[in-house]
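The values are calculated or read from the model by the stated rules, or taken from the named source; none is laboratory data. Values in this document were obtained by computation on a predicted structure and should not be read as measured data. When we count neighbours, we look across all protein chains shown, and the Cβ atoms used for this are built from the backbone with ideal geometry, even at glycine.
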Ligand SMILES: [Zn+2]
Ligand SMILES: [Zn+2]
């Protein structure tokens, strides 16, 4: 099969690799028809992780089931499914409590929890930027889709990661109807947090970024776009909230946060959130931070440590929730919103490309080139 293979920093190629196949009775084999390039792929693409050369990226996957193992009861050949980026078992101590983002059995390293397809330090699972994907514990990990899954493929594939992850940011922050919400980062996850806050009935949604194409997308769903290369975002949010600060805030940038000139400050967005969110407000942090970052800007950053303004955060009595999203907690509900036409997360998709064009897509997305807001790769064709 063809797959996107990591060759080293800022180098990927499409190569022939051994076909993914059923390895255990509980496996499902999926022919991938849609698989996204994610902002978190870029950390690996840039060589900022220990992702091994020769491995395949791709944790936002959707496709058609073409084979099931003997131990699979629910999922049938021919069904269209979207796969949570978390690979989880369903029976470990964390999965039982709904924390499929911190599965203990699909992650072989006893010092870590949580697994994902095609991801550094997240287990041995191959990515789905390929023609075929092996899905372990298929009955547990496949979310089945209805007859509209071909027409709405670009919507449903967002349920593999970014739509639930954006929604999770609003859950961690505690967004309820009427809240004012500020979101740092208008990349795909930040835009999904804005969409989620809107669905939940926020009274005001503000999005901070500096890329005009992304800010335009935020405005298209009624959010207030704040360009931090032109205004002080904290001051702007305070002015929009009668000096009090937003009720809730979401961090959707992560450890490679940088100023408009390009200098990295891994604490920038978190500290701006502490300042932008009101006393007793909530903050949800879903942008990726890592325990070590050898490529980090300074000694602290290299050790994965952040100069966090804890004094002000404590003084304001804010709550802070963080970590990866447990996709299974939300994916059925978000699927049903898409099916009912109440959410159209595909509005951010700028490109549908064949697998062969992945190298060019990575290059453009990594450079944040104008108009490359979200890339969906289509390794094989969806058939209705
Ligand atoms: Zn992702
Ligand atoms: Zn588990």
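Taking residue 53, is it touching a strand residue (DSSP E or B) at 6+ places or on another chain (Cβ under 9 Å), within 16 Å of ligand 2 (Cβ to nearest atom) and either farther than 26 Å from residue 291 by Cα or assigned to a loop (DSSP other than H, G, I, E, B) (or both)?
Criteria not met by residue 53.
Tell me which residues, restricted to the stretch 123-139, are out of contact with any helix residue (DSSP H, G or I) (no Cβ under 8 Å at 6 or more places or on another chain) and in contact (Cβ under 8 Å) with a residue 60 or more places away in the chain. So that I can check it myself, show each step before the final result.
Step one: of the stretch 123-139, the residues out of contact with any helix residue (DSSP H, G or I) (no Cβ under 8 Å at 6 or more places or on another chain) are 123-128, 132-134, 136-139.
Residues satisfying the conditions are 126, 127, 128, 132, 133, 134, 136, 137, 138, 139.
Of the residues that sit in the stretch 64-82 and are away from ligand 1 (no atom under 16 Å from the Cβ) and in a strand (DSSP E or B), which one is nearest to the chain's Cα centre (by Cα)? Break it down stepwise before answering.
Pass one, the stretch 64-82, residues away from ligand 1 (no atom under 16 Å from the Cβ): 64-81.
Narrowing further to those that are in a strand (DSSP E or B): 64-68, 80-81.
Values: 64: 22, 65: 23, 66: 26, 67: 28, 68: 27, 80: 21, 81: 18 Å.
If we take residues in the stretch 64-82 being away from ligand 1 (no atom under 16 Å from the Cβ) and in a strand (DSSP E or B), then 81 is nearest to the chain's Cα centre (by Cα).
Which residues, taken from the stretch 288-338, are in contact with a strand residue (DSSP E or B) (Cβ under 6 Å, 6 or more places away or on another chain), assigned to a loop (DSSP other than H, G, I, E, B) and at pLDDT 95 or above?
Selection gives 316, 317, 318.
Run down 98, 47, 90 and say which single residue is under 28 Å from residue 296 (Cβ atoms) and away from ligand 1 (no atom under 16 Å from the Cβ).
It is 47.
Regarding residue 243, is this residue over 22 Å from residue 343 (Cα atoms), away from ligand 2 (no atom under 16 Å from the Cβ) and out of contact with any helix residue (DSSP H, G or I) (no Cβ under 7 Å at 6 or more places or on another chain)?
Values: over 22 Å from residue 343 (Cα atoms): yes; away from ligand 2 (no atom under 16 Å from the Cβ): yes; out of contact with any helix residue (DSSP H, G or I) (no Cβ under 7 Å at 6 or more places or on another chain): yes.
Spelling it out, residue 243 is indeed over 22 Å from residue 343 (Cα atoms), away from ligand 2 (no atom under 16 Å from the Cβ) and out of contact with any helix residue (DSSP H, G or I) (no Cβ under 7 Å at 6 or more places or on another chain).
Taking into account only those residues within the stretch 344-356 that are in contact with a strand residue (DSSP E or B) (Cβ under 8 Å, 6 or more places away or on another chain) and assigned to a helix (DSSP H, G or I), which is farthest from residue 220 (Cα to Cα)?
Here is the first cut: in the stretch 344-356, the ones in contact with a strand residue (DSSP E or B) (Cβ under 8 Å, 6 or more places away or on another chain) are 349-356.
Then keep just the ones that are assigned to a helix (DSSP H, G or I); that gives 355-356.
On the way: 355: 29, 356: 31 Å.
Ranking the qualifying residues of the stretch 344-356, first place goes to 356.
Sort out which residues of the stretch 124-145 are within 16 Å of ligand 2 (Cβ to nearest atom), surrounded by fewer than 20 Cβ atoms within 10 Å (Cβ to Cβ) and under 24 Å from residue 3 (Cβ atoms), and write them in order of number.
Correct list: 124 only.
What do you reckon, is residue 191 within 16 Å of ligand 1 (Cβ to nearest atom), surrounded by 24 or more Cβ atoms within 10 Å (Cβ to Cβ) and closer than 18 Å to residue 342 by Cα?
Yes, satisfied.
Restricting to the stretch 91-112, and then to whatever is under 21 Å from the mean Cα position of the chain (by Cα) and surrounded by fewer than 20 Cβ atoms within 10 Å (Cβ to Cβ), can you tell me which residue is farthest from ligand 2 (Cβ to nearest atom)?
Only one residue fits best here, namely 112.
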